[in-house]
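Read the structure below first, then the notes.
Bear in mind these aren't lab numbers, they're just calculated from the coordinates by the rules spelled out. Computed from a predicted structure; not experimentally measured. In this analysis, Cβ positions are derived from the backbone assuming ideal geometry, glycine residues included, and neighbour counts consider all displayed protein chains.
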Amino acid sequence: MKSTSIRRAIVPGIAALALVFSACGADNEGDGSTDGDGGGSSSLAGELNGGGASSQEAAQGAWIVGFQDENPDVTVNYDPVGSGGGRESFISGAFPFAGSDAYLTDDEGELTAATERCEGSAPIEIPNYISPIAIIYNVEGVDDLNLSPATLAGIFAGKITKWNAEEIAADNPDATLPDADINPVHRSDESGTTENFTDYLDAVAGDVWTEGALEVWPQQYGGEGAQGTSGVVSAVGSGTNAIGYADASQAGDLGVANIGVGEDFVAPTPEAAAKILEVSPRVEGRDANSIVFDLDHETQEAGTYPIVLTSYLIACPSYPAGDEGELAKAYLGYIVSEAGQEQGAAEAGSAPLSEELRTEVAGIVDAIQVG
Amino acid sequence: MATTEPTGVIDTETSTKRGDAVFAGLARSAGILIMVALAGVGIFLLVEGAPAISASGEQAYGKDNIVLFVWPLLYGTLLAALIAMIIATPLAVGVALVISHYAPRRVARSLGYLIDLLAAVPSVVYGLWGRAVLAPAILPVYQWLSETLGWLPFFEGPATTGRTILTASIVLAVMALPIITAICREVFAQTPRMHEEAALALGATRWEMIRMTVFPYARSGVISAVMLGLGRALGETMAVAMVLSVSGLVTINLVSGQNPSTIAANIALNFGNASGTKINVLIFSGLVLFVVSFAVNFLGRWIASRGQVKA
Amino acid sequence: MTDLQTPEAPQLPAATLSLTRPQLPRWAPLLAGVVSLGVGGLVALIAGWGLVPVAIVAWVVFFVGLPAWSAAVEGRRASIDRLVTTVAWTTFGLAMIPLVSLVYEVIGNGHSAISWAFFNNSMRGVLGEGGGIYHAILGTVIITACATVISVPIGVLAAIYLVEYGKKNRLARTITFLVDVMTGIPSIVAGLFAFALFTLIFGPGVRFGIGGAIALSVLMIPIVVRATEEMLKLVPDELREASYALGVPKWRTIVKVVLPTALGGIITGVTLAIARVAGETAPLLIIVGTTTSVNLNPFDGRMATLPVFIFSSVTTGGRYEAFNTERAWGAALVLVAIVMLLNLLARFIGAIFAPKTGR
């Protein structure tokens, strides 16, 4: 009979599966309680699920590893659902914290909704991840490249098409530039990197770059599209005479252009990137817990790298008693701690917050009330 | 499944009837469930895709309305699938002929199995292969094409990357090949033996025999095979998503770094990061894909079933 | 070698009418092949080319040479025949290139990643070196198993309806046709369907394993139906009639006589269906997502699966791209091996049970 023959197959099957599952978790996934001597002395335990901007994904991965090292009984998950998805899930209460490339505004009522979600108090918004966006290129015989803002905009807007164009030559009097077509590579997906980059172009060369700040690359400007940061890096690396923009941490062996700021050309070092938050004005009219910036791309300040992606953490100033609040507070505290910022710099190549800003931000996290 | 007590051969009349009725009902409802599921696919996509119709601007990925968003993707989907068919069809017919008519019978089985193995490779592995192996290997060919045949709009170039729509189409062709081959093989093998032998007896060479007896007989079968292969190529996601460099342009330039994307690949690449109305926009494009591939498959099966009636 | 099936030329008395022409010997294609390879090799020696140009040169020589020779000796028609034969075998050779290249690359790039730890570790807490695919293998097994549990009863029952009950009525014909059409549903559409369904039930942002199983079922059911249908049709009517004659009710005839007779073929079909969906990526990407830790509960939270693991490893990039890529190839090797083994298993089962289904 069919049912019995199926039963005959299923019962031992389930038994075998159960045996397999109960017998072994992954080798590296200890059973929390038994592995408790792994270094941490904390009493924290449980699971914390946040998510948001995918720009933070690598850094969050590093922070999670670092945090779980200190608190072996804790599992943290960061869902790279995108900034919009992160904010949405934070407001709906699914995430106790979210990462976002943009701060909350009331253009679509998000700030109000988030305030409601935090039971009437304005949400915490703090910068936690700063990453310089490097202009990477792969041109034979060119080891050092300087680009002024207008030239950069011209290249990516498809108006400068040859590597030996006079604009580029003017920026690089000493370089031998080949007579070759420029292959500009951009992100084909929507991304905060593209938004920050186009925001910069719009600010510094609005007459050349006329499309404004966009999350999705305007296709009329042409160029090769590539998926994700890794896609851009590999497209530039494997293409000839290519140029693209990507998180500096992922530039690898590719050439990195110096960008014109004032009289100088500045390389995308972490220090130069972190500096932009010092010279940029804070957005006015925000709650005390909200430290957000409108980046001053036009800065003339020496040694400041102007093309930077800033990402924020969004959280509530108070949580109801329970694991979730405790964990969120502890995890956010770790991220903005000195160790956390170092971990991010070492493993994900982000630029650590300046000490002054870090202390201020850490103070806000420290003031989160649980219970 | 059995809900009545099995009572051996001497069933009472009522329990027999009940058993039969229950079993028949179960079987029938399973059949109906399949129809419901298919309808469900359409309905749920429609429900979740509907809010996209009013989407514009940021929500529609920077496009003014949903049509402008879907059109370039649809174009890319059709273009990639079409090129894939142009590549795959002659190959598949040739391979099917080898298996059905050229190879010695003993070898033919193993050859058929080899082709089936092509179908067994998961699409994500094809994507990995296309991205890491095929694209770099084929770049010199594209550069040569754009240099020598650059006056053709298809090969205008500039060839700066191997990850073009032509590469994606080649991968799609490889993936659709086994399907087309399998069906062609079947129809070729169904050619009446008598026709073939009559042709040979009249002194025809093997090729003349194939041209005069096999092809006329198999025409509708081959057409339906191509339609089904097209259906596969239209909906294939991962291979395209991993291989193609996308810029969303509508172009017939096949070897440049600026390529249209396909609906399926676009969904796969953007879904994880989408929120709010953007999800509806992507689902709506999925609905378009569903309708197109349903129509193509429908047509393919219809032609196939008509061919069978004729035979 | 290409000549085995050519019928012998008719041996007519040549005196009356010259119906026959001289024929090339059987070994002519072989000779032509050797000569072409020789020419190719010679060119390689002179010009110092690599393997690919040599193969192309050899092919061109063969492609032109054999028909030309044939045209000189056998005449135009035979020459065309040989040309077409060459073309046909060439298509086969071309079709094999991707398969060979793919297997070669997957093994070549993947084998270095394979180790005991690779199978026994998840990616939890791993940034660079190390880590493994334990979580992804478990995820694939769980989701595929769930999909099988959903698909097989529905698929088999539907096939029973089509063959045993529906016999050509309108509903059955519609279902048969729709099942055929359903085999062509793009896998990503199945994923979107599951996503849309569960979004309506659970609200936005839903991700869990069973959703993936449902999506895979949409792809799997038609395959199971088709395979079962074919097998049930093969069961000789005499068996059914003998059973009816003994007074066995229809449903018990189906369960006790028809299904066991067709069991081998059904299992083959189901195994092939499992092989097909085990490698599906797109629907799982949409509705299951991925994670770094082991998750054994298909009803809650993201699960890692092998195909999605490969995809996300390749596309993540970053500082540890080399390690990610290596793991992706390793996982690809494991996945291809699993799928190929399932295919072999299916053939094997089919071969064992084949005589029973009678012919």
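Descriptive notes on the structure:
- Overall Cα dimensions of the protein assembly as shown, principal axis frame, Å, largest first: 106, 85, 53
- For residue A:76, residues with placed amide H under 5 Å, excluding near neighbours: A:48
- A simple spin-label model places the labels of residue C:49 and residue A:253 3.1 nm from each other, with each point 7 Å out along Cα-to-Cβ.
- Note on residue A:106 and residue C:129: their simple-model spin labels are 5.5 nm apart, each label 7 Å out from Cα toward Cβ.
- Gap separating the Cα centres of region B:151-172 and region C:145-165, nearest whole Å: 44
- Between residue A:161 and residue A:213, the C-beta separation translates, for a Förster distance of 25 Å, into a calculated FRET efficiency of about 0.60.
- What the phi angles of region C:238-247 give under the Karplus curve with 6.51, -1.76 and 1.60, with θ = phi - 60°, is a coupling list of 4, 4, 4, 5, 4, 5, 4, 4, 7, x Hz, glycine and proline written as x.
- Distant-in-sequence amide H partners of residue A:186 (H built 1.01 Å from N, under 5 Å): A:224, A:225, A:226
- Per-q log10 I(q)/I(0), region B:77-147, q = 0.16 Å⁻¹ (Debye; single scatterer per alpha-carbon; no solvent): -0.83
- Peptides C:328-335, B:98-105, A:261-268, B:244-251 ordered by average Cβ neighbours within 10 Å, highest first: C:328-335, B:244-251, B:98-105, A:261-268
- Unit charges on C-beta of K, R, D, E only; dipole of region C:119-353, Debye: 420
- Taking a sphere under 9 Å around the Cβ of residue C:205 and counting the other residues whose Cβ falls inside, with K and R at +1 and D and E at -1, yields a net charge of -1.
- Gap separating the Cα centres of region A:119-148 and region C:297-342, nearest whole Å: 29
- Over region B:222-298, relative contact order from alpha-carbon pairs under 8 Å, at least 6 apart, %: 34
- Cα-only Debye scattering, region C:82-149: base-10 log of I(q)/I(0) at q = 0.21, 0.22, 0.24 Å⁻¹: -0.93, -0.96, -1.00
- In the structure shown, the pairs A:275/B:63; C:168/C:233; A:159/A:275; A:162/B:63; A:162/A:275; A:329/B:278 are assessed against 24 Å; a Cα-Cα span above that value is assigned to A:275/B:63; A:159/A:275; A:162/B:63; A:162/A:275; A:329/B:278.
- Stokes-Einstein diffusion coefficient of region C:168-278, Kirkwood radius over Cα pairs, 25 °C, 0.890 mPa s, in µm²/s: 151
- Share of pairwise Cα separations in region C:59-186, more than 21 Å, in percent: 72
- Most fluctuating residue given options B:97, B:117, B:299, as computed from a GNM of chain B linking Cα atoms under 10 Å: B:117
- Euclidean distance between Cα centres, region A:47-81 to region A:299-345, Å: 12
- The mean number of partner chain beta-carbon atoms within 10 angstrom of a residue's beta-carbon across peptide C:202-212 is 2.
- Cα-based Kirkwood hydrodynamic radius, chain C, one decimal, Å: 25.1
- Computed over Cα pairs, the Kirkwood radius of region B:23-64 leads via Stokes-Einstein (0.890 mPa s, 25 °C) to a diffusion coefficient of 194 µm² per second.
- When +1 charges are put on Lys and Arg Cβ atoms and -1 charges on Asp and Glu Cβ atoms, the dipole computed for chain A relative to its Cα centre reaches about 1480 debye.
- Distant-in-sequence amide H partners of residue B:248 (H built 1.01 Å from N, under 5 Å): B:259, B:261
- Relative to the globular-protein estimate of 2.2 N^0.38 Å, the Cα radius of gyration of chain A stands at 1.14.
- Shielding by partners, peptide C:42-54 (average Cβ within 10 angstrom, other chains): 0
- Couplings for region B:226-243, taken from phi via the Karplus curve 6.51 cos²θ - 1.76 cosθ + 1.60 with θ = phi - 60°, read 5, 4, 5, x, 4, x, 5, 5, 4, x, 5, 9, 5, 4, 5, 4, 8, 8 Hz in order; Gly and Pro are left as x.
- Rounded to 10°, Cα long-axis angle of helix C:51-73 versus longest principal axis of chain C: 50
- Cα-Cα separations in chain B greater than 25 Å, expressed as whole percent: 62
- Tilt relative to chain C, helix C:134-160 - C-alpha long axis, 0 to 90 degrees, to 10: 80
- Contact order relative to length of region C:185-231, as percent, for alpha carbon pairs under 8 angstrom and 6 or more apart: 43
- Mean separation of Cα contacts under 8 Å (6+ apart) over length of chain C, as relative contact order %: 19
- Helix-only CD estimate at 222 nm, as mean residue ellipticity for the protein assembly as shown, using -39500 (n - 2.57) per DSSP H run (n ≥ 4): -19000 deg cm²/dmol
- Per-residue mean of foreign Cβ neighbours for A:240-248 is 2 (Cβ atoms of other chains, 10 Å radius).
- Förster radius 60 Å - calculated FRET efficiency between residue A:119 and residue C:234 (Cβ-Cβ, nearest 0.05): 0.30
- Per-residue HN-Hα couplings for region B:42-58 [Karplus 6.51, -1.76, 1.60; θ = phi - 60°; Hz; x = Gly/Pro]: x, 5, 5, 5, 5, 4, 7, x, 4, x, 6, 4, 9, 6, 7, x, 3
- Surrounding net charge for residue A:165, when Lys and Arg each add one and Asp and Glu each subtract one, Cβ distance under 15 Å: -3
- Nearest 10 degrees, 0 to 90: helix A:228-238 Cα axis against chain A principal axis: 50
- Summing +1 for each Lys or Arg and -1 for each Asp or Glu among the other residues whose beta-carbon sits under 12 angstrom from that of residue A:303 gives -4.
- Cα-based equivalent ellipsoid, region A:132-268: semi-axes from gyration tensor eigenvalues, Å: 20, 17, 14
- Descending by average beta-carbon neighbour count within 10 Å, the peptides A:222-229, C:224-231 line up as A:222-229, C:224-231, the highest first.
- Gaussian network model of chain C, Cα within-10 Å springs - most flexible of C:77, C:252, C:124: C:77
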